Amino acid sequence: MRYQRSSTLFQSAQNVIPGGVNSPVRAFKAVGGTPVFVEKAKGAYLYDEDGNTLIDYISSWGPMILGHAFEPVIEAVKERADKGTSYGMPTELETQIAELVVEMVPNIDKIRMVNSGTEACMSAVRLARGYTQREKIIKFAGCYHGHSDAFLIQAGSGAVTFGAPNSPGVTQGTAKDSLLAQYNDLESVRNHFEQHPEQIAAIIVEPVAGNMGCIPPQAGFMEGLRKMCDAHQTLLIFDEVMTGFRLAKGGAQESLGVTADLMTYGKVLGGGLPVGAFAAREEIMNHLAPEGPVYQAGTLSGNPLAMAAGYAMLTHLNENPQVFSSLENKAKVLEQGMIALLDKKSKPYQINRYGSMMSLHFTDQAVVDFKTAALGNNDHFKTYFHAMLDRGVYLPPSAFESYFLNDALSEKDIDFTLNAFQEYLESF
Ligand SMILES: *Cc1c(COP(=O)(O)O)cnc(C)c1O
């Protein structure tokens, strides 16, 4: 009823787009019902095709950290578009944004721009393999690093939601080089080092996991990975596609106080345009073509519109670092409000939060890894999701996703959200 037009649009979409969407989680398979088609967005609000206004807690899955249609970003894109949208030749803007990232992020000398987080992670692993001349990588169950073959081994969020953790099309040969460990479990990592001495090129990890709900690293976990990598001449890759420019200027490296060897970025970095990047110290990055032998390229990499958006976004974050604490405070108010309401109920729950990433899990066990995340009651989650949507609050449509707050959210929006949550709980 409220989603008649979205429903019609979804019907048409399904005729010409597989599943009606260009990325699976948008299809609402995990929660049922009709995906909401968006007409436009501004600040903290989505305006859908059915005329509803929704408070947005996904922020395009992270990028819209300052809210939708943030003026300086929009202005930068418009101004740049008049000068042409792509040249396949270098621009000064690419150096400017690279300099800014190198200034904001600890422990990197050089950065290479690509077009998505997937590409960034895929390329970072190739570089790590080329640099170490080893073939295997360790990844963690429930961590998502994009949809490239090597990572589709218990890959969290979308892949889990659709019950295809090991996707058809990924070869045995590829899978055998991706060793699976458990998040927050150093022993599971140590075992791989013992079984495959001098063969592990890299550990890739979400420094704060956000693709199995939000799962912060336990004390000592990241430090332990760092130590093991040092002991085995293995590179530590922080996939900061989600955490980069969200948790702090310097991302999770700064926030956790642990440095990695290679970092991948995306989401916030592009200000809402398709951008990814990977970065490291000079001796690693110089292995990349044309300087070194590891090949990587892209027709639209460093695209001027995308760079203009990203540069405007990062400039604002760099000059207004209070955004990060402001975001965290908003998330805290929401978290504390939800806890206060939930504690009056006897239903089991866990709320995980780190900075402005958080998630609610309907289970009585602490959610610390993929196995415990999978214990959540999905029927409860579905009811919760739709109850909130009916009241004008757009949450991630999967229990395996983190909420991403944006700084356009007002106190009033959070109050509104908590009221909706209270109404939902009353009928729970
Ligand atoms: C979103 C995400 C990716 C993939 O980025 P895309 O731009 O969707 O390809 C990789 N790693 C993490 C941690 C992510 O959250």
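Per-structure values
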item: Neighbours by Cβ (under 6 Å, 6+ apart or cross-chain): first from segment 100-126, within 17 Å of N318 (Cα to Cα); second within 15 Å of the ligand (Cβ to nearest atom); result: P106/Q253; I108/A279
item: Close pairs (8 angstrom Cβ cut-off, 6 or more residues apart or separate chains): aromatic (F, W, Y) in segment 32-59, in a helix (DSSP H, G or I) anywhere; result: F37/R5; F37/S6; F37/L9; F37/F10; Y57/T417
item: Verdict on L46 being of a type in the set (A, V, I, L, M), within 19 Å of N406 (Cα to Cα) and in contact with a helix residue (DSSP H, G or I) (Cβ under 8 Å, 6 or more places away or on another chain); result: no
item: Flag if S326 is open to solvent by less than 50 Å² (accessible area, probe 1.4 Å), within 16 Å of the ligand (Cβ to nearest atom) and modelled with pLDDT of 95 or more; result: no
item: Selection status of L93, touching a residue at least 24 places away in the same chain (Cβ under 8 Å), more than 16 Å from the ligand (Cβ to nearest atom) and assigned to a strand (DSSP E or B); result: no
item: Leading residue by the ranking (farthest from the chain's Cα centre (by Cα)) among those in segment 382-399 that are within 17 Å of P348 (Cα to Cα) and open to solvent by 10 Å² or more (accessible area, probe 1.4 Å); result: T383
item: Residue identified as more than 19 Å from V102 (Cβ to Cβ), away from the ligand (no atom under 11 Å from the Cβ) and open to solvent by 10 Å² or more (accessible area, probe 1.4 Å) among L256, L247; result: L256
item: Top-ranked residue of segment 216-241 - restricted to ones that are among the acidic types (D, E) and buried (at least 17 other Cβ atoms within 10 Å of the Cβ), ranked as farthest from the ligand (Cβ to nearest atom); result: E240
item: In segment 100-118, residue least open to solvent (accessible area, probe 1.4 Å) [restricted to those that are in a helix (DSSP H, G or I) and over 17 Å from A309 (Cβ atoms)]; result: T118
item: Boolean, A155 is at pLDDT 95 or above and either within 11 Å of the ligand (Cβ to nearest atom) or assigned by TED's automatic domain parsing to the domain that holds V367 (or both); result: no
item: Residue in segment 189-201 that is among the aromatic types (F, W, Y) and touching a His at 6+ places or on another chain (Cβ under 6 Å) present; result: yes
item: Test: L262 is open to solvent by 10 Å² or more (accessible area, probe 1.4 Å) and within 16 Å of the ligand (Cβ to nearest atom); result: no
item: Residue in segment 97-125 that is nearest to the ligand (Cβ to nearest atom), counting only those that are over 13 Å from D239 (Cβ atoms) and not aliphatic (A, V, I, L, M); result: N115
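Every residue, every condition in (1) surrounded by 22 or more Cβ atoms within 10 Å (Cβ to Cβ); (2) at pLDDT 95 or above, yes or no:
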residue: L180; (1), (2): no, no
residue: F193; (1), (2): no, yes
residue: I200; (1), (2): yes, yes
residue: K267; (1), (2): yes, yes
residue: G272; (1), (2): yes, yes
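The values are calculated or read from the model by the stated rules, or taken from the named source; none is laboratory data. Quick caveat: nothing in here was measured; it's all calculated off a predicted structure. Ideal geometry is used to build each Cβ from the backbone, glycine not excepted, and the neighbour counts take in all protein chains shown. Ligands, DNA and RNA are excluded from the accessible area calculation, which covers all protein heavy atoms including side chains. Shrake-Rupley method; radii C 1.70, N 1.55, O 1.52, S 1.80 Å.
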